[in-house]
1. Mind listing just one residue for me: the one in region 132-153 that is more than 11 Å from the chain's Cα centre (by Cα) and free of Cβ contacts under 8 Å to residues at least 24 places away in the same chain and, of those, farthest from VAL231 (Cα to Cα)?
2. Looking only at residues in region 213-241 that are modelled with pLDDT under 85 and loosely packed, with under 12 Cβ neighbours inside 10 Å, which one is nearest to VAL128 (Cα to Cα)?
3. Here are some conditions: (1) over 24 Å from LEU129 (Cα atoms); (2) of a type outside the set (A, V, I, L, M); (3) open to solvent by 40 Å² or more (accessible area, probe 1.4 Å). PHE63 meets all but one. Which one does it not meet?
4. Only one of (1) within 13 Å of ALA101 (Cβ to Cβ); (2) assigned to a loop (DSSP other than H, G, I, E, B) is not met by PHE20, so which one is it?
5. Being modelled with pLDDT of 90 or more and among the hydrophobic types (A, V, I, L, M, F, W, C) is the requirement here; does LEU143 meet it?
6. When you check ALA47 against the structure, is it open to solvent by 30 Å² or more (accessible area, probe 1.4 Å), without any contact (Cβ under 8 Å) to a residue 40 or more places away in the chain and in a helix (DSSP H, G or I), yes or no?
7. Kindly indicate which of PHE174, PHE194, PHE179, PHE135 is modelled with pLDDT of 60 or more, farther than 29 Å from ALA92 by Cα and among the aromatic types (Phe, Trp, Tyr).
8. Confirm whether ALA164 is more than 24 Å from ILE28 (Cα to Cα), crowded, with 18+ Cβ neighbours inside 10 Å and more than 20 Å from the chain's Cα centre (by Cα).
Amino acid sequence: MLKLVKYDFRRDRDKFLAVFVIIILAQIGLGFTKLHDYERFTLNGIAYVIAGLIFLVMAAKTFFNNINSYNRRLVPVRTLNTVLSPLVLYLALMLGIILIALIHFGVYLSMYPSSFLPENFWKVGLLVLLQAYWFAGYIMLTLMVSITVARSVKFKGRVWIGLATAYLLQNGIFYLEYFIFKSNFTAWESVFQFEVIDETDTANGIQLIQGHLNLAPLLFEAVIAVLLIAVIIKLVNKRVDI
């Protein structure tokens, strides 16, 4: 499968690298602006999110091309590898964005004191990072299912069917998960909430309300992810409309 991932990466290597270069230049440019810190942080975050969305679209396009390519079907590989390679590629690209963001944050901390950070910033920050990474992979997987379902129908309105499938999957799964567990692994309701405490207890008197790693919803989402992959493989093996 790694060979397929390398092939998919090399096919659009220049585009991927261009996105990385642009995001780095954008962050450097923002560093020289006269914006307030909170405004700069907001734009920094938006830039990283946009880069992630661009990679999501590019990876989804790679998956679409793979399942519709006659030459790709001639390659003697397992369907599972063909299905997973765009997902692995996207997760690898997201790791690249995370690495750039961490280096960026490290440079910032080397220039300014870290006393402004909430008391439990690192612990909660790691949880947020894991949740964001898992959520990104889940969105990519639902898009892959939607693309496959849309290509499996033989009548007009495929685009709308794909959009409806994506909407139902992304909202239905999380609604069902919340209905069963009253929570979900990718929930953000408590992660970005702040609490002011006694200034004598911490350096800046601020801490994040602690988020928690909910194992039951995580396992539920993992099972659903496996089922979604199985659905994709089943439809692809039927050579859906190609």
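1. Quick first cut of region 132-153, residues more than 11 Å from the chain's Cα centre (by Cα) only: 142-153.
After this cut, where a residue has to be free of Cβ contacts under 8 Å to residues at least 24 places away in the same chain as well, the list is 146, 150.
Working: SER146: 11, ALA150: 13 Å.
Out of the qualifying residues, it is ALA150.
2. Step by step, filter region 213-241, then rank; the result is LEU213.
3. For PHE63, the failing item is (3).
4. Looking at each condition in turn, PHE20 falls short on (2).
5. On the way: modelled with pLDDT of 90 or more: yes; among the hydrophobic types (A, V, I, L, M, F, W, C): yes.
For LEU143, the condition - modelled with pLDDT of 90 or more and among the hydrophobic types (A, V, I, L, M, F, W, C) - is met.
6. Against the criterion (open to solvent by 30 Å² or more (accessible area, probe 1.4 Å), without any contact (Cβ under 8 Å) to a residue 40 or more places away in the chain and in a helix (DSSP H, G or I)), ALA47 does not qualify.
7. When all the criteria are applied, what remains is PHE179.
8. Details: more than 24 Å from ILE28 (Cα to Cα): yes; crowded, with 18+ Cβ neighbours inside 10 Å: no; more than 20 Å from the chain's Cα centre (by Cα): yes.
The answer is no for ALA164.
The values are calculated or read from the model by the stated rules, or taken from the named source; none is laboratory data. Nothing here was measured: the structure is a model prediction, and the numbers come from that model. Backbone-built Cβ (ideal geometry, glycine too); neighbour counts: all protein chains shown. SASA here: full protein model, heavy atoms, side chains in, ligands and nucleic acids out. Shrake-Rupley method; radii C 1.70, N 1.55, O 1.52, S 1.80 Å.
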